[in-house]
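Here the structure is laid out as structure tokens; the discussion comes afterwards.
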Amino acid sequence: MATGYVYHELYAWHDTGSFVGMLPADPRLGLQPFQHFENAETKRRIHELIVATGLIDRLVRIGPRKATDEEILLAHTEDHLRRMVEQSEQDRGGDAGDGGSPFGKGGVEIARLAAGGVIEAVQAVLDGTVDNAYALVRPPGHHALREHGMGFCMFANLVIAAKAARRSHGVERIAVVDWDVHHGNGTQAAFADDPATLTISVHQDRVFPPDSGHLHERGTGAGAGYALNIPLPPGTGNGGYLEAMRRVIVPALHRFRPDLILVASGYDANAADPLARQMVTSAGYRELTGLLLEAAAELCGGRVAMSHEGGYNPVYVPFCGLAVIEAMAGVEPFPDPFEPNFGGMGQQELQPHQAALLDRAVGLLADIHPA
Ligand code: 3YP
Ligand code: ZN
């Protein structure tokens, strides 16, 4: 078993600069300059933990490259790409589109490298160079829309890689599983009317984007039924997430029978994240990954590629990311020193109100028509 791994030092050089979490500093509003939530630390520390624990020696390193204009235009308008290129030339850089997604001078080149890193991870899986692959990239991508970026995302890395995979390898059916705590609205929008791409997003109910990711968002036109949303209540832990995987996501995958599974892997549902209120631990992420890989083994020869998204606690996210990549590589766990704390939190088990939401999501599976 071989697991591909994409990382590049330049990912940590994506410069979100002076910010106040997600807001620009403004003393008149009491907003003292600080850092952006999406700074380099969580990702750089995942990479360093992978090296420090020796996991790196069990992975096949895949070099990223910059996505071309043509590849970026698989998911975006010429206007969006032009704006990113032009703003990237400015001394102060620019913003992907919503005023909360800054990037520094030259930043479009790092965004190209992120999209290209995910492309290369997916290509390696399709070529059979590796069994599965993980792309630890910045900036993230799952909120980016065709005409503009948002929510810290410049380009829709995973959408670009999925479309590139269709083009290069004629991959027909692609399932996207997004377990970032926020709704994968960009990915959903890109494939809303496409019945050959099943997008599944499990997230905390209405965190970001506002009023997005409802159960009733099902895809449009020919794609009706092929977008699935699981908006979990705040306070959901390992029990609720694993039950969502067992009762909704895995059955959806079995009905759909994908040729390839892509994962938008954010870790902001972790028990100590500043941006959400869920309680997943590294053990939960490890088990979620195991269930997904098991489904992939049955359905698509184990072909899974993951693209890194959110996750903002710099001390805890690395253990969650490590657990996922270890599980992908079939490597014995490096113990997570935080597990006794976070794993022992009350209501880690599935709660009745969480089960009630899952019951409603199970009802949506009938609209996925077996291939
Ligand atoms: C974007 C602005 C407020 C919440 C934030 C979410 C970014 C993220 O991690 N998306 O997956
Ligand atoms: Zn997120």
Original post:
Taking θ as phi - 60°, what are the ³J(HN,Hα) couplings along segment 22-39 by the Karplus curve (6.51, -1.76, 1.60), each to the nearest whole Hz, with x for Gly and Pro?
Top reply: 10, 10, x, 4, 7, x, 5, 9, x, 9, 6, x, 8, 10, 7, 3, 8, 9
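In terms of the Cα gyration tensor, with a ≥ b ≥ c the square roots of its eigenvalues, is the chain rounded because a/c is under 1.5, prolate because a/b exceeds b/c, or oblate?
Details: a/c = 1.25, a/b = 1.15, b/c = 1.09.
Taking the square roots of the gyration eigenvalues as a ≥ b ≥ c, the chain is rounded.
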Original post:
How much accessible area per residue does segment 229-371 have, in Å², with a 1.4 Å probe?
Top reply: 33 Å²
Original post:
Ignoring ligands and nucleic acids, what accessible area does residue 216 show with a 1.4 Å probe (Å², nearest 10)?
Top reply: 140 Å²
Original post:
In what sequence, largest accessible area first, do 299, 136 appear using a 1.4 Å probe?
Top reply: 299, 136
Original post:
So how far apart, in nm, are the two label points at residue 86 and residue 291 if each is 7 Å from Cα heading toward Cβ?
Top reply: 4.7 nm
Subject >> Sequence-distant residues sharing a close amide H with residue 193 (under 5 Å, placed H) >> reply: 220
Original post:
What residue among 247, 277, 167 shows peak mean-square fluctuation when the chain is described by a Gaussian network model with Cα springs under 10 Å?
Top reply: 167
Subject >> FRET efficiency, 1/(1 + (r/R0)^6) with R0 51 Å, evaluated for residue 341 and residue 78 via beta carbons >> reply: 0.55
Original post:
What FRET efficiency comes out for the pair residue 29/residue 362, r = Cβ-Cβ distance, R0 = 56 Å, nearest 0.05?
Top reply: 0.80
Original post:
In the chain, which whole DSSP H runs stretch at least 20 Å along their own axis (Cα) and average 0.0 or higher on the Kyte-Doolittle scale?
Top reply: 107-127, 282-300
**OP:** Would you work out the relative contact order for the chain, in percent, from Cα pairs under 8 angstrom that are 6 or more residues apart?
**Re:** 17 percent
Subject >> At 0.890 mPa s and 25 °C, Stokes D of segment 211-279 from Kirkwood alpha-carbon radius, µm² per second >> reply: 179 µm²/s
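Taking Cα pairs under 8 Å and at least six residues apart, what relative contact order does segment 282-371 come out at, in percent?
32 percent
Go ahead and estimate [θ] at 222 nm for the chain from helices alone: -39,500 (n - 2.57) per DSSP H run with n ≥ 4, summed, over the residue count, rounded to 500. Can you show the working numbers first?
Values: 12 runs with 129 residues, N = 371.
Rounded to the nearest 500, it is -10500 deg cm²/dmol.
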Original post:
Which cross-chain or sequence-distant (5 or more) residues have an amide H under 5 Å from the amide H of residue 176, H modelled 1.01 Å from N in plane?
Top reply: 198, 199, 200, 262
**OP:** Just reorder 257, 206 by solvent-accessible area, largest first, 1.4 Å probe, all chains present.
**Re:** 206, 257
Original post:
For residue 332 and residue 129, what is the calculated FRET efficiency with R₀ set at 30 Å and r taken between the beta-carbons, to the nearest 0.05?
Top reply: 0.80
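The values are calculated or read from the model by the stated rules, or taken from the named source; none is laboratory data. No experiment lies behind these values; they were computed from the predicted model shown. Note that each Cβ is placed from the backbone with ideal geometry, even for glycine, and that neighbours are counted across all protein chains shown. Note: areas computed on protein heavy atoms with side chains; ligands, DNA, RNA excluded. Shrake-Rupley method; radii C 1.70, N 1.55, O 1.52, S 1.80 Å.
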